[in-house]
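The values are calculated or read from the model by the stated rules, or taken from the named source; none is laboratory data. Bear in mind that the values here come from a model prediction, so they are computed numbers and not experimental data. Virtual Cβ from ideal backbone geometry, glycine too; neighbours counted across all protein chains shown.
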Amino acid sequence: MEAGERTAASWSALLAAYTKAGWWADCLDSFAAMARDGWRPDESSMVSALSACAHLGAYDVGRSVHCALLRNTVTLNTFMETSLVDMYAKCGCIEKATAVFDGMDGKKNEWTYSAMVSGLALHGDGRKALQVALDADDEEKRSAVAAHSQKLAMAFGLLSTPEGTPVRVVTNLRMSKECHAYSALISEIFGREVVVRDRKRFHRFRRGTCSCGNYW
Ligand SMILES: [Zn+2]
């Protein structure tokens, strides 16, 4: 495409295509070229660029995109803010990720939680990751998130406690069938006792079977 025929929409489509293909460096090169040509990046271009920054750990570029977003947009939507949380978390800047995350009162979705939890886990704060995962239960009450966060909680429980000690999970939701099966599996594979307190009762898993006898 000749330079004269390009539009903001064609740039945006190009960036999205690079992101989809996982060509992160090309995405950022084009993002820079877009600005050089005098185009103001639209929302979708900025989200593509943030995603590229997250994968490349390109903190400086990511931060400048954040500044541009704040300059050009009155209120950031959930999609943009989740991209920011993901970018800062993957770049190892947990403080900034947390600041954006904490500012998203009532606007967080399962992707937001997922970005924050995996960022914290990746950079070694298992306890905080677990706390955020459990907060997802409180705030969202979405079964998908809840199921996911309970599994994460168990994974972090396994990582952060000495071998042989019981893994404890507390959730204010009724345990799903899937999580029940998963907990049984964990107790068998890792040889660890798993104790889950859900809304109704205690479940104590040992060697692949649960104290509730699968009735709950
Ligand atoms: Zn049970």
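Selection over the range 1-32 of residues that are in a helix (DSSP H, G or I), small (Gly, Ala, Ser) and within 16 Å of residue 53 (Cβ to Cβ) gives a count of 4. Taken over the range 169-179, the criterion of being within 12 Å of the ligand (Cβ to nearest atom) and surrounded by fewer than 18 Cβ atoms within 10 Å (Cβ to Cβ) is satisfied by 174, 176, 177.
The residues in the range 180-199 that are within 10 Å of the ligand (Cβ to nearest atom) and not aliphatic (A, V, I, L, M) can be counted, and the count is 3.
Consider the range 58-79 and keep the residues that are over 21 Å from the mean Cα position of the chain (by Cα) and surrounded by 12 or more Cβ atoms within 10 Å (Cβ to Cβ). The one that is modelled with the highest pLDDT is 64. Are any of the residues in the range 144-167 at pLDDT 75 or above and within 16 Å of the ligand (Cβ to nearest atom)? Scanning the range 144-167, I find at least one residue that is at pLDDT 75 or above and within 16 Å of the ligand (Cβ to nearest atom), so the answer is yes. Residue pairs whose Cβ atoms lie under 8 Å apart, separated by 6 or more positions or on different chains, with the first residue in the range 159-180 and over 18 Å from residue 208 (Cβ atoms) and the second in a helix (DSSP H, G or I) and among the charged types (D, E, K, R), are 160/127; 171/137; 172/137; 172/138; 173/137.
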